[in-house]
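Notes follow the structure.
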Amino acid sequence: MLKITKVKRGSLAKELGLEVGDEIIAFDGFACEDELDYLYYCEATHFTMTVRDKRGQGETVVEVEKDEGEDLGVEFAKNTAIRTCHNHCVFCFVDQMPKGLRESLYVKDDDYGMSFSCGNFVTLTNLSDEGLERIIRLKLSPLYVSVHTMNPDLRVKLLRNRFAGKIVEQIDRLAKGGIEIHCQAVLVPNENDGEELAYTARKLFSYYPAVRDLACVPTGITKYREGLYPIADVDKEYSEKLLDLVDELNKEFGVNFLLPADEYFVKAGRTLKSADFYGDFEQIENGIGMTAKFLSEVHAGLADLPDCTTLTKKKKSLIISGVSAEKINREVLNKARAVIGNLETDVLPVVNEFFGATVTCTGLLTGQDILKAVEAYRKAGGDFDEIVLPGNTLKEFEDVFLCGMTLKELKKKLKFDNIRINRLGGCGLVDILTNVL
């Protein structure tokens, strides 16, 4: 149901007699759940709307004829409700977080609408048959699905949800219904890896190209796992075997269908795949191919600089990094110094004490750990003119870290204002390095 809060002057809605306070409860006889229904029918040229009168005078079926893509000219009350997770996954990251953080960090969303509009991964275990048909009818494509395994019994075990075994039927119906699907498998050692992963990959690839790819990501393990399902962290040997299996399966399929997380390459001590391996980076929001994209952008940015680029005055940039990205960042900055005169750089790898040392990615660094690391760097004699902070350490659209510390508070505690936020990847880093404030 959509409650109208505004009807624009001269709009089609005005001509149809719609008023503020009216409620659209159905399109073509199908119940209206949210704005996805409205957006779909905005593309149609002919349909019916069932409208509930604001005065309580009953419901009216309105026939609509319009141009393709023409907006009706209405706005609706915001609906902030989301479909939440019904699982109790053995690898759930939310279950491994400390208490006292902002409430939104504990919300376990599992909303196919957000999967379509934002790229969030969903398990589909809370999805009814009607919901599945709605996805197909409204052409909510692409979707991002946390498959984890196509073995029904194993999926029930890992997600601890008796409905989790429906995934085989769900993928089949979505793929045959014309929905493009990007999948992921959070790999739990000795559970859904090895031969089980090979089975899952082959089963999903049978739907290619409707099922576009399968990301393989390691379980995020924090220090807050007491009493939870025992899961071992991955090491060099494990990562080597996983990457070998990925290469074998991709060779079998003839396309780069399995996309391994960067962490496996770091743990295995192997060279990352090139940017070409990841195609259009369709799983970039999952972190898949992020480093390759970053490197390609840095190299392109440095190549575009004029010959003998020299800063007007010397400056030293201190790059904040997660432990796993330290080596890559040092290699990048070595190349930058060779191209940009008067530039000095250093990388500060920050150990994640907040979540535990097993969490090594940059995006999960907290303000308090960054503060501690910078203070220790200073105490050891390190100096800098600017600190470059990756944008993914901060909340989107708000300068606050996972621990609750704000960027303003970090600057105050460090007594240092020149902290520059890089939200534009490799291109953004080159811009920052070549700019003197």
Just to verify a result, which residue in region 177-216, among those that are open to solvent by 30 Å² or more (accessible area, probe 1.4 Å) and either basic (Lys, Arg) or within 20 Å of the chain's Cα centre (by Cα) (or both), is nearest to GLU263 (Cα to Cα)? ARG212
Could you tell me whether region 392-409 includes any residue that is under 26 Å from ASN342 (Cα atoms), among the acidic types (Asp, Glu) and either open to solvent by 50 Å² or more (accessible area, probe 1.4 Å) or in a loop (DSSP other than H, G, I, E, B) (or both)? no
Would you pick out the residues in region 33-56 that are open to solvent by 20 Å² or more (accessible area, probe 1.4 Å) and either touching a residue at least 40 places away in the same chain (Cβ under 8 Å) or within 16 Å of ILE4 (Cα to Cα) (or both)? GLU33, ASP34, GLU35, LEU36, LEU39, TYR40, THR50, ARG52, ASP53, LYS54, ARG55, GLY56
Could you give every pair whose Cβ atoms fall below 8 Å, whose first residue belongs to region 418-437 and is closer than 16 Å to ASP346 by Cβ, and whose second residue is among the aliphatic types (A, V, I, L, M) and open to solvent by 50 Å² or more (accessible area, probe 1.4 Å), counting only separations of at least 6 or pairs across chains? ASN418/LEU437; ARG420/LEU437
If I filter region 217-254 down to residues being more than 18 Å from VAL186 (Cα to Cα) and open to solvent by less than 50 Å² (accessible area, probe 1.4 Å), which single residue comes out as farthest from the chain's Cα centre (by Cα)? PHE253
Looking only at region 63-81, count every residue that is among the hydrophobic types (A, V, I, L, M, F, W, C), surrounded by fewer than 16 Cβ atoms within 10 Å (Cβ to Cβ) and at pLDDT 90 or above and tell me the total. 1
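Name the single residue that is farthest from ARG423 (Cα to Cα) among those in region 265-283 being part of a helix (DSSP H, G or I) and open to solvent by 40 Å² or more (accessible area, probe 1.4 Å).
Only one residue tops the list, namely LYS267.
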So the check is Cβ under 6 Å with 6+ separation or different chains; which pairs have a first residue in region 4-32 that's surrounded by 18 or more Cβ atoms within 10 Å (Cβ to Cβ) and a second one that's part of a helix (DSSP H, G or I)? VAL7/ALA13; VAL7/LYS14; PHE27/ASP37; PHE27/TYR41
Looking only at region 301-353, count how many residues are in contact with a Pro (Cβ under 7 Å, 6 or more places away or on another chain), open to solvent by less than 30 Å² (accessible area, probe 1.4 Å) and of a type in the set (Val, Ile, Thr). 1
Output the residue which, of all residues in region 118-176 that are more than 24 Å from PHE93 (Cβ to Cβ) and buried (at least 18 other Cβ atoms within 10 Å of the Cβ), is nearest to the chain's Cα centre (by Cα). LEU140
Search result, residues across region 87-119 that are in contact with a Cys (Cβ under 8 Å, 6 or more places away or on another chain) and assigned to a loop (DSSP other than H, G, I, E, B): LEU101, LYS108, ASP110
Inside region 179-211, can you point out the residues that are touching a Gly at 6+ places or on another chain (Cβ under 9 Å) and more than 28 Å from LEU228 (Cα to Cα)? HIS182, ALA210
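The values are calculated or read from the model by the stated rules, or taken from the named source; none is laboratory data. Here the structure is a predicted model, which is why all the values come from computation and not from measurement. Glycine gets a Cβ as well: all are built from the backbone with ideal geometry, and neighbour counts include every protein chain shown. The protein model used for the area step is the full one, side chains on, heavy atoms only, and it has no ligands, DNA or RNA in it. Shrake-Rupley method; radii C 1.70, N 1.55, O 1.52, S 1.80 Å.
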